[in-house]
Amino acid sequence: MALTALESLLAHHDAGQLAVIAAKLNCAPDVHAIKEALALALPSVQGQMENLAVDMGYTPGVLA
């Protein structure tokens, strides 16, 4: 299953990184809340969150 960098970040459940993403999206630092906020976000915001995940060290790839 191919993942984006952001999906990879969410799969790792790092509390600090989830808190940063959640703060940017104005939602709870919970994977489900973040996914819901992302689904409702503008594509430009989704792109910003993807870039932030890359900056945090995640890369698109395959979940093993």
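All of the numbers you see were taken from the coordinates with simple rules; none came from a lab. Keep in mind that this is a model prediction, so the values were computed, not measured. Every residue, glycine among them, receives a Cβ derived from its backbone with ideal geometry; neighbour counts consider all protein chains shown.
Observations
- Total residues in segment 18-61 satisfying the condition of being of a type in the set (Asp, Glu) and in contact (Cβ under 8 Å) with a residue 24 or more places away in the chain: the figure is 1.
- Residues in segment 20-47 that are surrounded by fewer than 12 Cβ atoms within 10 Å (Cβ to Cβ) and under 21 Å from GLY57 (Cβ atoms): ALA23 alone.
- Check on LEU10, crowded, with 17+ Cβ neighbours inside 10 Å and in contact (Cβ under 8 Å) with a residue 24 or more places away in the chain: yes
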